[in-house]
């Protein structure tokens with residue numbers, strides 16, 4: 001049992017990728033901010049509503 005756990009642990013360790021924290025945060029934040037701007041923050045030109053506002057009005061209908 002212990003040998004099996006060690007083998008699984010070694011396989012997990014081999015798959016770990018080391019990255020710089022600044023690199024991870026900059027790439028993740030830029031993708032997240034782009035998503036927020038495009039999908040959540042800017043109202044749609046068709047009706048002037050944000051997606052969450054549109055969902056609320058639809059659910060009230």
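Computed from the coordinates by the stated procedures, all read-outs in this text should not be read as laboratory data. Every value quoted in this text rests on a predicted model; they were computed, and no experiment measured them.
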* Structure fact -> Compactness check, the stretch 2-60: C-alpha Rg relative to the 2.2 N^0.38 Å globular estimate gives 2.09
* Structure fact -> Helix-only [θ] at 222 nm, the chain, -39500 (n - 2.57) per DSSP H run of 4+, per residue, nearest 500, equals -20500 deg cm²/dmol
